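Here's the structure, in structure tokens; my notes come after.
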There are 2 protein chains.
Amino acid sequence: MHADDARRICDAVDAAFDAQLELTAELVRHPSLRTREGSAQDLLYAEMERRGFAMDRWELDAAQLSEHVGYGPSTVSYEGVTNVVGTYRPTEHTGRSLILNGHVDVVPEGPEEAWSRSPWDAPVIDGWLHGRGSGDMKAGLVANLFAFDAVRAAGLSPAAPIHFQSVVEEECTGNGSLSALMRGYTADAVVIPEPEEDMLVRANTGVIWFTVRVAGVPTHPREMSSGFNAIDAAHHVMGELRRVEERWNAERGSHRHFEDLDHPINFNLGTIRGGDWPSSVPAWCEIEVRAALYPGVTADQAWEELTGALESVTSDAQGHPISAVATRTGFYAEGYVLEEGSEAEAVLARSHERVFGSELRSFTTPGYLDGRVFTLYGDIPTLVYGPVSEAIHGFDERVEVESVRRITKSIALFIADWCGTAQA
Amino acid sequence: MHADDARRICDAVDAAFDAQLELTAELVRHPSLRTREGSAQDLLYAEMERRGFAMDRWELDAAQLSEHVGYGPSTVSYEGVTNVVGTYRPTEHTGRSLILNGHVDVVPEGPEEAWSRSPWDAPVIDGWLHGRGSGDMKAGLVANLFAFDAVRAAGLSPAAPIHFQSVVEEECTGNGSLSALMRGYTADAVVIPEPEEDMLVRANTGVIWFTVRVAGVPTHPREMSSGFNAIDAAHHVMGELRRVEERWNAERGSHRHFEDLDHPINFNLGTIRGGDWPSSVPAWCEIEVRAALYPGVTADQAWEELTGALESVTSDAQGHPISAVATRTGFYAEGYVLEEGSEAEAVLARSHERVFGSELRSFTTPGYLDGRVFTLYGDIPTLVYGPVSEAIHGFDERVEVESVRRITKSIALFIADWCGTAQA
């Protein structure tokens with residue numbers, strides 16, 4: 001790429017950056033919690049349509065999705081739950097095509113009193129844009145659009161199709177990106193600007209979500225010393241799962257890209273519900289667990305070990321008989337590795353160096369990413385690469401504004417370089 | 001009492017016993033869960049009215065109740081939540097007056113699939129009447145009425161007023177009996193046929209209900225090893241409460257009537273709720289705890305120790321700062337002792353021996369009883385005495401039919417002996 005083109009593209013990002021932040025903030029103000037992504041998708045649809053893209057919007061179809069090995073069982077109805085894709089088509093297709101993907105769904109905000117301000121307000125304070133979803137990943141979704149705008153504002157037209165995808169369900173099943181793939185969207189590379197601290201994801205874990213219902217026989221508290229308490233029993237069951245977690249972590253030496261992480265496999269005890277009445281010894285307790293697995297281990301293989309561990313639990317710590325029954329309630333996903341040496345990565349590395357003045361670093365992350373959909377099932381090199389954030393899934397989530405600016409420039413240069421350009 | 005009168009009374013219990021069981025079963029079929037006691041109270045109102053009692057029915061008044069030291073903070077509205085009292089008045093009041101009390105509210109049934117049959121069906125199987133509330137304490141409520149009927153069927157009229165009370169809120173606050181006392185109902189003795197295994201309660205514990213909300217700062221599971229998990233923290237907080245429980249149990253030697261119990265003080269972790277999302281480290285967890293206290297220890301004294309223990313928790317097991325805030329959400333009740341040597345107890349002992357052919361045994365129970373309302377605040381000798389049951393607060397709750405028959409006879413003889421009789 002000519003240095004002149006690169007400079008004009010970067011200048012165009014700067015010129016539109018206030019508008020980019022404004023749209024990001026507007027998007028954060030839509031609380032696009034699971035199944036409530038509609039108004040945020042409306043906004044993105046309008047933004048894409050305004051750019052002249054060919055628009056596509058469709059409802060997820062659980063029955064159809066469930067035929068795919070990468071499907072995560074959904075516990076919600078997909079009625080009204082839609083993906084939005086806008087496609088840019090060049091006059092002449094001479095370059096390499098691209099998917100710019102991002103998810104619009106956000107995780108629950110948790111107790112609002114723990115936030116310094118409303119999670120759905122989106123002020124910039126001391127160089128950080130705040131709000132639930134600001135980092136994870138509305139900044140990235142909007143960066144995809146403004147990176148494209150900058151290429152065009154620099155007087156260039158990408159020479160290959162680009163699909164802008166705003167998907168749902170990334171935080172719970174991965175069914176949004178899976179649905180886009182099953183609808184036929186493919187390309188020569190995928191970029192997903194998740195908040196990855198200005199780095200490229202080399203490998204990540206898969207994730208399985210499941211609910212364990214622990215049950216036994218309860219009694220009146222006056223006889224409780226002889227009785228079974230499902231909440232205590234759930235704690236015991238979680239201990240058995242922790243043994244699996246420990247075993248898998250001990251095996252990290254034999255998993256490429258995971259050897260040097262202290263604790264790559266995290267089992268999160270995410271939610272708990274148990275008991276009906278303070279003066280009745282609880283008869284049941286349900287825990288929702290998020291388990292991680294290494295790339296190369298299929299969800300079926302991991303599930304077999306997890307359920308095996310649960311089946312081995314036949315009594316609580318005091319010897320009362322219990323049952324611990326697991327149900328899959330979300331992610332059922334393998335991890336993936338971005339193999340080194342792809343042309344896509346080389347192009348991104350050049351773009352990154354030009355903007356950041358330093359080498360593109362890659363790393364392994366122990367969290368779920370939709371990158372697995374495109375890598376494992378589309379065989380497409382997928383670059384998960386995005387800005388610096390704090391407290392995603394926590395309180396006062398925020399994304400660093402200058403990092404967003406640089407990432408946008410880097411993606412813009414990537415678009416121009418990867419897709420090739422013609423004078424507009 | 002003449003042996004003839006006693007025999008006629010007992011025969012009358014036998015004669016009406018099928019009808020008594022039928023009414024008990026009908027009452028069990030009304031799922032009189034908290035705030036949903038209305039239809040069961042309608043039934044009891046009609047039964048009392050039919051017997052010619054002067055009827056009184058009123059809604060509980062939380063504001064008024066809250067001025068009493070024995071009030072348990074209510075977490076529900078009392079709109080439409082009523083006590084029913086029917087009063088028998090003799091032509092001439094020459095004997096000792098009586099309150100026959102029972103509660104109509106039942107605890108939640110829990111997961112219905114754990115029951116052998118519907119909790120709201122009420123079959124007699126192998127000598128046991130089944131169903132939620134059968135033992136605790138609809139058998140007792142109905143026994144009060146049929147005991148009275150038997151005295152009259154024997155051709156006798158009790159010679160003192162008798163107040164038949166069907167109260168609410170016994171399973172959560174004790175505000176039902178408290179409201180009856182505050183309305184002015186008093187008597188020379190109280191009988192409450194709770195399921196006490198054909199025995200008399202000599203002493204019982206007080207109970208406090210409270211919710212502890214544990215909160216901290218959560219993170220994404222990818223950073224969970226450095227983070228705080230509110231569910232684990234709640235377990236840690238419960239551990240601190242267990243230390244108080246242990247200390248109080250160690251002190252049992254200095255509490256009369258509790259010296260010989262293995263574990264009189266039970267803290268029940270009754271319900272738990274925590275976390276919002278499987279892939280977010282939980283930021284909050286709430287536990288509902290039922291703690292017990294010895295008679296002679298005021299609720300305020302116990303509460304000070306409990307909250308002191310919670311205030312001492314400033315970090316979780318890993319040293320992360322946490323807060324554990326307790327709120328009173330139900331019972332705030334002292335225990336009581338039925339002092340030996342009362343005339344009421346002597347009369348009941350005679351009645352019991354006549355029916356059972358064995359001495360009346362008394363015992364100490366580590367559970368809440370409305371007896372504390374009448375004993376502590378009404379200064380009335382209160383006899384908590386009732387049939388054999390199984391699995392109250394559990395699955396397949398049931399009450400022994402022949403025990404109900406004998407207890408009814410015993411209460412009937414007590415009525416005649418305590419109140420005195422005239423020929424009808």
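Some points to look at:
- Solvent-accessible area lost in complex, 30 Å² minimum, residues of region A:380-395 relative to chain alone, 1.4 Å: A:392, A:393, A:395
- Given charges at beta-carbon only (K, R positive; D, E negative), |dipole| of the protein assembly as shown in Debye: 600
- Summed residue charge, Cβ within 10 Å of residue A:83's Cβ, Lys/Arg positive, Asp/Glu negative: -2
- Think of it as helices only: each DSSP H run of n ≥ 4 in chain A is worth -39500 (n - 2.57), and spread over all residues that comes to -10000 deg cm²/dmol at 222 nm.
- Dipole of chain B [Lys/Arg +1, Asp/Glu -1 at C-beta], most positive-end residue of B:39, B:335, B:72: B:39
- Length-normalised contact order for chain B - Cα pairs under 8 Å, 6+ apart - percent: 25
- Residues considered: B:204, B:249, B:268. Largest GNM mean-square fluctuation over chain B, using C-alpha springs under 10 Å, is found at B:268.
- For residue B:409, the lysines whose Cα falls under 23 Å of its own Cα, not counting residues fewer than eight places away in the same chain, are B:138.
- Accessible area that becomes buried as A packs against B, both chains, 1.4 Å probe, Å², nearest 100: 4800
- Inter-copy label distances at residue B:46, using a point 7 Å along Cα-to-Cβ, come to 6.0 nm with the shortest given first.
- Region A:206-333: translational diffusion in µm²/s, Stokes-Einstein, Kirkwood Rh over Cα pairs, 25 °C, 0.890 mPa s: 159
- The fraction of accessible area contributed by carbon and sulfur in the protein assembly as shown is 45 percent, rounded to a whole number (1.4 Å probe; ligands and nucleic acids excluded).
- Among beta bridges from DSSP that stay inside the protein assembly as shown, the antiparallel ones total about 75%.
- Region B:79-124, dipole about Cα centre (Lys/Arg Cβ +1, Asp/Glu Cβ -1), debye to the nearest 20: 420
- The separation of region B:358-424 from region A:270-291, counted between C-alpha centres, amounts to 35 Å.
- For the protein assembly as shown, the solvent-accessible area of protein heavy atoms averages 35 Å² per residue (probe radius 1.4 Å; ligands and nucleic acids excluded).
- Simple spin-label estimate for residue A:317 and residue B:50 in nanometres, 7 Å along Cα-Cβ: 5.3
- Over the protein assembly as shown, the Kirkwood radius and the radius of gyration, each from Cα atoms, give a ratio Rg/Rh of 1.13.
- Stretching the chain fully between residue A:124 and residue A:246 yields a gain of 39.8 nm (0.36 nm per residue, less the alpha carbon separation).
- Normalising by residue count, region B:369-424 has a Cα convex hull of 107 Å³ per residue.
- Taking the charge dipole of the protein assembly as shown about its Cα centre, with +1 at Lys and Arg Cβ atoms and -1 at Asp and Glu Cβ atoms, the residue from B:124, B:275, B:321 reaching farthest to the positive side is B:124.
- Size of charge dipole - region B:1-42 - debye, nearest 20, with Cβ of Lys, Arg +1 and Asp, Glu -1, no other charges: 280
The values are calculated or read from the model by the stated rules, or taken from the named source; none is laboratory data. Remember, predicted model here, so these are calculated numbers, not experimental data. Note that we place each Cβ from the backbone using ideal geometry, even for glycine, and neighbour counts take in every protein chain shown. Keep in mind that these areas ignore ligands, DNA and RNA; they rest on the heavy atoms of the full protein, side chains included. Shrake-Rupley method; radii C 1.70, N 1.55, O 1.52, S 1.80 Å.
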